[in-house]
1. Extension gain B:T221-B:N257, at 0.36 nm per residue separation less the Cα-Cα distance, in nm?
2. Expressed as a whole number of Å, what is the distance separating the alpha-carbon centroids of the range A:170-238 and the range B:297-322?
3. Using a 7 Å offset from Cα along Cα-Cβ at B:D341, what residues in the range B:370-390 end up with backbone N under 14 Å from the label point?
4. Roughly how big is the B-A contact, given as buried accessible area in Å² (both sides, 1.4 Å probe, nearest 100)?
5. Accessible area per residue, 1.4 Å probe, Å², for the range B:261-462: what's the number?
6. log10 I(q)/I(0), Debye, Cα-only the protein assembly as shown, no solvent, q = 0.05, 0.07, 0.09, 0.10 Å⁻¹?
7. Stretched out fully, how many nm does the piece from B:E248 to B:R389 gain, at 0.36 nm a residue minus the Cα gap?
8. Can you give the mean number of other chain Cβ atoms that lie within 10 Å of the Cβ atoms in peptide A:29-38?
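The values are calculated or read from the model by the stated rules, or taken from the named source; none is laboratory data. This structure is a prediction, so every number in the text was calculated from the model and none was measured. Note that we place each Cβ from the backbone using ideal geometry, even for glycine, and neighbour counts take in every protein chain shown. Note: areas computed on protein heavy atoms with side chains; ligands, DNA, RNA excluded. Shrake-Rupley method; radii C 1.70, N 1.55, O 1.52, S 1.80 Å.
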Amino acid sequence: MNRNLILGALLSALFLAAALVSFVWTPFDHTVMDIPAKLQRPDGVHWLGTDQYGRDIFSMIMVGARTSIAVALVAVGIGMALGVPLGLTAAALRGSFLDELIMRGNDLVFAFPSLVIAILITAVFGAGAVNAIIAIGIFNIPVFARITRGAALSLWEREFIMAARVAGKSAARISAEHILPNVTNLLIVQGTIQFSLGILAEAGLSYVGLGAQPPTPSWGRMLADAQTLVAIAPHLALIPGLAIILTVLGLNLMGDGLRDHLDPRLRVSRA
Amino acid sequence: MHHFTRLALASALAISAGTGAALAQGEITVAIQLEPPHLDPTSAAAGAIDSVVYANIFEGLTRFASDGSIIPGLAESWEISEDGTTYTFTLHDGVMFHDGTTMDAEDVKFSLDRARAEDSTNAQKALFAGIQSVDVVDPTTVKVTLGAPDGSFLFNMAWGDAVIVAPESIENIKSTPIGTGAFKFVNWTQGDSVVMEKNPDYWGTPAKLDKATIKFISDPTAAFAAVMAEDIDAFAGFPAPENLPQFEADPRFQVLNGSTEGETILAMNNKAAPFDNVKVREAVSHAIDRQAIIDGAMFGLGTPIGTHFAPHNPAYVDLTGMSNYDPEKAKALLAEAGLADGFETTLHLPPPSYARRGGEIIAAQLAAVGITAEIINVEWAQWLESVFRGKDFGLTIVSHTEPMDINIYARPDYYFQYDSKAFQDLMTKLNGTTDTEGRTAILQEAQEMIAGDYVNAYLFELAFTTVAKAGIQGLWVNAPTQATDLTGVSWAD
């Protein structure tokens, strides 16, 4: 176990725990406004202060973690569910027309600036968490397709795959039974990284008003709402900003740590 | 060496300060929040058009002064016949349009006939509905005959929708407005600004500024930054009330707190269930805490209202008690209406912060009595399309900034779709009443009627805040109509 992995896992677990606990408990109801108690600094009652409507920021951050994690997790899920089979297919049929089609299709999606397209999608189909998930998910597909294909291609040249082929297994069975288990580590590491990017993307979309709609709290929208209030109540911007940074940092550290930890070559070299 | 540098610096500063001041004296850049769709005030409802052109470029027979009173405009004087149906206007002599053509009685006839024509696209056709004929007596005299006496006719003629335009320049009016005002239109950079320059041939008191730029900054954060950085000289209708204390504390700026004619309301779709039930509308009205909205969304700026009428108007009746904040009563009313478990609806919110922030607060207040209002944030174009024209909404928040506009409740096809014969008759009676006392009594009855029918939930009268550099004088404090009148604006010496 390395230090990055531990620190990253701790940070990620912290926010995951906040999100999970928010289902059953938050210090205050995050939807209840108490206007006379607005813009309070952090104190013993409101641990992170109150926002411009007097809502408890700590509770909003907890529920906001839920929004961020849910959107990012499902978006990465979509990317994996569609990207990995595409990558496996492309690798199995390497050099064929279908391989070309899949990979050039990926290039096409890659060529667009992802956030701009995400804004386009949500602008056309309406703002909301579901459309944000779809928008972010689409951009995760080529990431997983490409990484799967790259890893699978080299595997296809290995002796144990040759053996499987000689034994008469079909390309589909080989992909599922031998290739996929051998790229799993890679996918876990990439998934962690994509998860952190998904959280950033969700915050970006919410910031421009295209993510989860009020009253569902979202870190990005908390930041946007805080903009004109920065001079009066800096904690309004600071807290959701820190939440985003720490979560993304945690996930990235965890991704790096996992890569080191799971990669057998690195492990051997360090020993 | 040290001394030299300091001296050089000081003189450089002096020079730059000097040129800056010299430039600033004759020029001004004023920002407003909304950009108009085009520049013809006589063919669209968008108030942003008047915010640019009213009084600056276009003028009518009469006009609003900064205190809301009606003063002569292009008409120097007028005579009203005994029976109150004939208005004979005497026009100023020698008035020229910006393209050099003369403004005379023919142009007045053209403008009024165009506005009241069958195929007219004027957004306020009701202002001209009473006109039976417009006759040219001689080049500076025009006679307007009404079907019946109308106590508000001179008021109607002051609206931006009633300005005088010329047949010679009407074709391109939307992009090249040609009027008679103290400023000439120079250029419109879409998405950025409209530039005007002083009209040297103006018939009246000439503008004190040589050049005026009206810039459009919709984002409150950008508005704050632009004022702070002194990129603009003034912001009329500053959109972020939370920043005002900072400007008030800063000697570089002055903050003008004024009133508007903007009744900010939570409009309900009176023809769509469940808002077709007056009990439900009353419940919504009692579910809302006005003061919380004013404090939370407007940082305390705004006056609570209980009906669709401006509190600073002498005829105003305070009816806020009829729809006081009483969530228990709201729940009871919902139960009476058979909706004890509440219901779901939509809440369409246009961009201004009174709507977006107010909407979040209202959604929370409605949730407390069991009403789930799904927030749908829309841009103005979408709002006009789906809410105003399409009437596809449950609830929406908007500020009605036209002066004395209670008569919109007499239009059953108006977006909130209030259809009351009694109210329509009352407005007909109002139009036929010319004495002030009689009109006041009718206006008060009208206010009570819409408050009693709980047509909409009345929130507050929008405040109008202008932030300007300390040296500017002559800006309007209040907004009796939508306008950014720069004709009297100048820099203090």
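1. On the way: separation 36, 0.36 × 36 = 12.96 nm, distance 1.98 nm.
Length gained between B:T221 and B:N257: 11.0 nm.
2. The range B:297-322 and the range A:170-238 have Cα centres separated by 45 Å.
3. The answer is B:370-372, whose backbone nitrogens lie closer than 14 Å to the label point.
4. Interface area, both chains combined: 1400 Å², rounded to the nearest 100.
5. Details: 7490 Å² over 202 residues.
Spelled out: the 1.4 Å probe surface of the range B:261-462, per residue, equals 37 Å².
6. Debye intensities relative to I(0), on a log10 scale: -0.36, -0.65, -0.95, -1.08.
7. Working: separation 141, 0.36 × 141 = 50.76 nm, distance 4.06 nm.
This chain segment gains 46.7 nm when fully extended.
8. Working: counts 0, 0, 5, 3, 10, 2, 10, 4, 0, 4.
Mean number of neighbouring Cβ atoms from other chains: 4.
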